[in-house]
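A short worksheet on the structure shown next.
The values are calculated or read from the model by the stated rules, or taken from the named source; none is laboratory data. Keep in mind that what you see is a predicted model, and the values were worked out from it rather than measured. Cβ sites come from the backbone with ideal geometry, for glycine too, and all protein chains shown count toward neighbours.
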Amino acid sequence: MQKYNIQNLECADCANKLQEALCQIDGFAECKVSFATNTLYATNADIEKLQEIIKGINPRIKISKDFENQEKKPRWFIIAGLIIIFFISLLLLHFFESQYTKIISYILLGLVYFISGKNVFLGAYENFKKKQFFDENVLMLTATIAAVFIGAYEEAVSVMLFFATGEFLQELAVSKSKSSIKSLFDLTPNIAYIKKNNQIIKTTPQELCMGDIMIIKPGEKIPTDGTIMKGESSIDQRALTGESIPISVKIGKKVLGGSINLEGALEVQVDKLYEDSSVAKIIDLVQNATNNKSKTEKFITVFAKYYTPIVFFIALCVALVPPMMGWGSFEDWIYRGLVALMVSCPCALVISIPLGYFGGIGAASKNGILIKGANDLETLSLVKNIAFDKTGTLTKGVFKVTEVIAYNGYSKNDVLKYACCAQNLSNHPIAISIKQAYSDKNHEHQIDEFEEISGYGVRVVCDSNLILAGNDKILHKYNIPHDNCNIKGTVAHIAKNGEYIGYIIISDELKTDTKDGIKELRSLGIENITILSGDNTYATQQVADILECKYFANLLPEEKLEIFEELKSNINAKSAFIGDGINDAPTLASADVGISMGGASDLSKESADIIITNNSILSISKAFKIAKKTKVIIWQNIIFALLVKGVFIVLGLLGVATLWEAVFGDVGVALIALANAMRTLRT
């Protein structure tokens, strides 16, 4: 999809209307509009045609490919000037009895009304043309004109001025909120320096080519992923992984784009183009998260369509029915109806809720937690059941060979040799530990066939020998005679040409924060924690006993999925699965929330809904805290907004509230809800 920067997108309701209108046009069925990031996603790449279509929908909205172009902030001095003129006109009207001063005061009131209501008039005009009569601009215009007709001139002007002031403050608040959210993703440097023909050339990250040598001085951001060719330093990856402790780097070390060089100058060779870099993927992933709306957002979008017409109908009934029944004057009841009409726009909800979710997603990204959608954040807050993969998730996944046992006349070195031969093409952590343990690292193996059998191990034709390497199941699968099926620990069995030649015991250990992370999850109300592992019973039970949780061992990927589905069906709550993504894709996809543990350099885990870039179990509990806090804040706004609006409708019926007080029930509530929504950023 193409991305376009949207200018003059005034509110979330405008964003929803723009998206709905575009989706009804051929070629734009899949377009999405993000109010939180001012971004339009469309499959059509013709920007001129797109702008022409948008002009017909809303003439004030413009799009461009320039994401650095900021919208002009409203001029506060116009509002301040109008307020001063308004109070001067009131002074002239009430403290001077001259007919001349009254004429001047009414002229001034008229100027204030028309200037402050400029956007209301234009918006109402556009909506009248589209036969959309329940827009806030149409309703505001209707209310103030009706107030003039019943003789409430000053209140009509004060309402329009107060509304314009509120919209001004709301626009400032939204702009500030968006800037706060945007700053969370301010990871990319605007410039890059490369070394060519012994000269330093200034360029941009987007123009870097594979193999370019980047020059990064202390204090500068690394433009894209690469390998250090010269220099030593320490780098800050906090913005990418949430890890606050700088890491030391030297020649040969891989570094991620978006990291900050703290000490010495570095020469880094470009390994990935900017669009394929870790920082670009993180920014794209988080910004695209607004496209996946939560159920609450979808509900509010539908609710807003019906709320305004219903309140308008109530206001109309209040204005007309009682005086027709002889219960008072038309002027009195029309005024009461106008008070109800003032709270007919659900701005507080349609603005604060999407920004609240996006703030939560932004706060999570700062902590090394990448959430793919507001729907995933909402679902996470409802999770009560978690299943963990063991290796690389709860444990470090950094294996070390601790024992080698040889059989049938073979030596320990033979066992390592053929194990290394079998694992030569594998990047599994166990395979890496075996290759590191083999003494003859310079020996080259002739691999003729290689087959990785998921859940079993590998089958290899190496140096003209058929080698099997894996767990006990692979020996049974190929009918290899052996008498040791229940060895304690993580074991790799080796067979050569149908003969069992020995086994290797590999050790792993818990991550340092695993126990604390599991403890925090329990404190957050996670009732059921289970380990689902492909490792043997002994190794899995050891970890389960330490963490005091249930476990299932010796599982093939399909068995892991089957047991997880059974766990889900037995619990009346949402379930999450947490794995390293190597053999967990089916289970991750099946979970209500799939959480993948992986480095910031590996963001291609399509099956996962949430990616933990720093591999920390504590980050999982942090994700739950963010999800739960975001949910609380969202519902605080919903209840507060509806309660206040309901109160003003009742006060309007009773004739207690005034028009300008009712405007607070609209604009004031929106400002308070927006300020509350921004608390998600501080999670």
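Quick notes on this structure:
- Qualifying residue in region 87-98 (condition: of a type in the set (Val, Ile, Thr) and modelled with pLDDT under 90): no
- The requirement of being among the β-branched types (Val, Ile, Thr) and in contact (Cβ under 8 Å) with a residue 24 or more places away in the chain is fulfilled nowhere in region 469-476; no residue meets it.
- Sole exception among (1) in a strand (DSSP E or B); (2) outside the structural domain of Gly594 (by TED's automatic domain parsing) for Thr393, by number: (1)
- Of all residues in region 643-669, those satisfying the criterion of being among the small types (Gly, Ala, Ser) and under 20 Å from Ile314 (Cβ atoms) are Gly646, Gly652, Gly655, Ala657, Ala662, Gly665.
- Residue check, Leu111 assigned to a helix (DSSP H, G or I) and under 37 Å from the mean Cα position of the chain (by Cα): no
- Screening region 206-317 for strands (runs of 3 or more DSSP E) wholly inside it with 1 or more residues that are modelled with pLDDT of 80 or more, touching a Leu at 6+ places or on another chain (Cβ under 8 Å) and small (Gly, Ala, Ser) returns the ranges 233-236.
Residues checked against (1) crowded, with 23+ Cβ neighbours inside 10 Å; (2) touching a Lys or Arg at 6+ places or on another chain (Cβ under 9 Å); (3) in a helix (DSSP H, G or I):
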site: Gly356; (1), (2), (3): yes, yes, yes
site: Ala364; (1), (2), (3): yes, yes, yes
site: Asn375; (1), (2), (3): no, yes, yes
site: Lys384; (1), (2), (3): no, yes, no
site: Thr402; (1), (2), (3): no, no, no
site: Ile405; (1), (2), (3): no, yes, no
site: Gly409; (1), (2), (3): no, no, no
site: Ala419; (1), (2), (3): yes, yes, yes
site: Ile430; (1), (2), (3): yes, no, yes
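- Within region 672-683, if we keep just the residues that are out of contact with any Leu (no Cβ under 6 Å at 6 or more places or on another chain) and among the aliphatic types (A, V, I, L, M), the residue that is modelled with the lowest pLDDT turns out to be Leu681.
- Answer residue from region 1-31, given it is surrounded by fewer than 19 Cβ atoms within 10 Å (Cβ to Cβ) and part of a strand (DSSP E or B) and is modelled with the lowest pLDDT among those: Gln2
- Considering residues of region 128-187 that are part of a loop (DSSP other than H, G, I, E, B) and crowded, with 18+ Cβ neighbours inside 10 Å only, the residue modelled with the lowest pLDDT: Phe185
- Scanning region 114-123 for residues that are at pLDDT 85 or above and either of a type in the set (Gly, Ala, Ser) or surrounded by fewer than 18 Cβ atoms within 10 Å (Cβ to Cβ) (or both) yields Phe114, Ile115, Ser116, Gly117, Lys118, Asn119, Phe121, Leu122.
- Count of region 606-615 residues which are crowded, with 23+ Cβ neighbours inside 10 Å and farther than 15 Å from Asn292 by Cβ: 2
- Within region 244-271, restricting attention to residues that are surrounded by fewer than 19 Cβ atoms within 10 Å (Cβ to Cβ) and in contact (Cβ under 8 Å) with a residue 60 or more places away in the chain, the residue that is farthest from the chain's Cα centre (by Cα) is Glu267.
- Count of residues meeting criterion [in a loop (DSSP other than H, G, I, E, B) and out of contact with any Ser or Thr (no Cβ under 7 Å at 6 or more places or on another chain)] in region 333-345: 1
- Residue list for region 213-243, restricted to those being crowded, with 20+ Cβ neighbours inside 10 Å and over 19 Å from Ile283 (Cα atoms): Met214, Ile216, Ile228, Ser233, Ile235
- Every listed requirement among (1) modelled with pLDDT of 85 or more; (2) closer than 28 Å to Asn137 by Cα is met by Leu377 save one, (2).
- Residue under evaluation Tyr307, criteria (1) farther than 19 Å from Phe648 by Cβ; (2) without any contact (Cβ under 8 Å) to a residue 60 or more places away in the chain, criterion not met: (1)
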